[in-house]
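A.B. asks: I have a structure here, written as structure tokens, and I will follow up with some questions on it.
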Amino acid sequence: LLLLLILGVIVFFLYRYIKNKQTVSTVIPAYIDNDWNPEVITKSELELRLENAMAIGNYREGVRIYFTFILKELVRLNWINWKKDKTNYNYCNEIRSKDGANDFVECVRIFDIVWYGSEKLEKGAFDKMEPVLKGYYHFLTQRNA
């Protein structure tokens, strides 16, 4: 009976340890519908969308397009496995051991603030964010799979 009690306590503590190890994700899921699937969309199509967004001053959309460029490159490099229901937090975990992971976290932070925020993005703020997004994208394009 004593052995069963000890075994029960050990199993209970293992269960609690494993349960606490799994983090509950309260991160907003990455918003990308099928039209924005980075595995499917072509770069020329994205480039046209970016040009159009910049021409009409839709800087919020510009951030979204740059972020899609980045996701597309991460898929190409096999650094992430893109799925519609994954969150940006999931992608950060997938690449945490890769070069430039902190830069990706910064890009995610920018995207989340801009895309899920309620404020309109002005050109001055976009001009400060664009080099970070563009720089990380160029970093990824220089990498070989």
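A.B. asks: Can you list residues whose amide H is under 5 Å from T87's amide H, if they're 5+ apart or on another chain and H is modeled 1.01 Å from N?
C.D. replies: A30
A.B. asks: Using a basic spin-label model with each label point 7 Å from the Cα along Cα→Cβ, how many nm lie between K120 and N81?
C.D. replies: Computed distance between label sites K120 and N81 equals 4.3 nm.
A.B. asks: Would you check the accessible area of L4, probe 1.4 Å, heavy atoms only, in square angstrom rounded to 10?
C.D. replies: Taking all protein chains as shown, L4 has close to 120 Å².
A.B. asks: Please compare each pair in K86/K123; K98/K134; K84/K123; K86/K128; K83/K123 to a cut-off of 25 Å on the Cα-Cα distance and tell me which ones are over it.
C.D. replies: On the way: K86/K123 30 Å; K98/K134 18 Å; K84/K123 30 Å; K86/K128 28 Å; K83/K123 31 Å.
Pairs exceeding 25 Å: K86/K123; K84/K123; K86/K128; K83/K123.
A.B. asks: Sorting F67, F12 by accessible area (1.4 Å probe), largest first, what list results?
C.D. replies: Working: F67 0, F12 110 Å².
The ranking, largest first, comes out as F12, F67.
A.B. asks: How much solvent-accessible surface does S44 expose, in Å² to the nearest 10, with a 1.4 Å probe and all protein chains in place?
C.D. replies: Around 70 Å² of this residue is reachable by solvent.
A.B. asks: State whether the stretch 81-129 is rounded, prolate or oblate according to the following rule on the C-alpha gyration tensor (a ≥ b ≥ c being the square roots of its eigenvalues): a/c under 1.5 gives rounded; otherwise a/b larger than b/c gives prolate, and the remaining case gives oblate.
C.D. replies: On the way: a/c = 3.55, a/b = 1.63, b/c = 2.18.
Note, shape of the stretch 81-129 comes out oblate.
A.B. asks: How much accessible surface area, in Å² rounded to 10, belongs to the heavy atoms of R60 with a 1.4 Å probe?
C.D. replies: Its heavy atoms expose roughly 80 Å² to the probe.
A.B. asks: Continuing with this model, one more query. Assign unit charges at the C-beta atoms only (+1 for Lys and Arg, -1 for Asp and Glu), then state the dipole size of the stretch 51-94 relative to its Cα centre in Debye, rounded to the nearest 20.
C.D. replies: Numbers: 7 positive and 5 negative charges, 27 e Å.
With Lys and Arg at +1 and Asp and Glu at -1, about 120 debye.
A.B. asks: Just going by the charge dipole of the stretch 82-145, with Lys and Arg at +1 and Asp and Glu at -1 on Cβ, which of N102, N90, L133 is farthest out on the positive end?
C.D. replies: Going by the charge dipole, the pick is N90.
A.B. asks: In whole angstrom, note down how far apart the Cα centers of the stretch 97-115 and the stretch 66-85 are.
C.D. replies: Here the two parts' Cα centres lie 12 Å apart.
The values are calculated or read from the model by the stated rules, or taken from the named source; none is laboratory data. Please read all numbers here as calculations on a predicted model, not as lab measurements. With ideal geometry, Cβ positions are generated from the backbone for all residues, glycine too; neighbour counts draw on all protein chains shown. We work out accessible area using only protein heavy atoms, side chains counted, and drop any ligands, DNA or RNA first. Shrake-Rupley method; radii C 1.70, N 1.55, O 1.52, S 1.80 Å.
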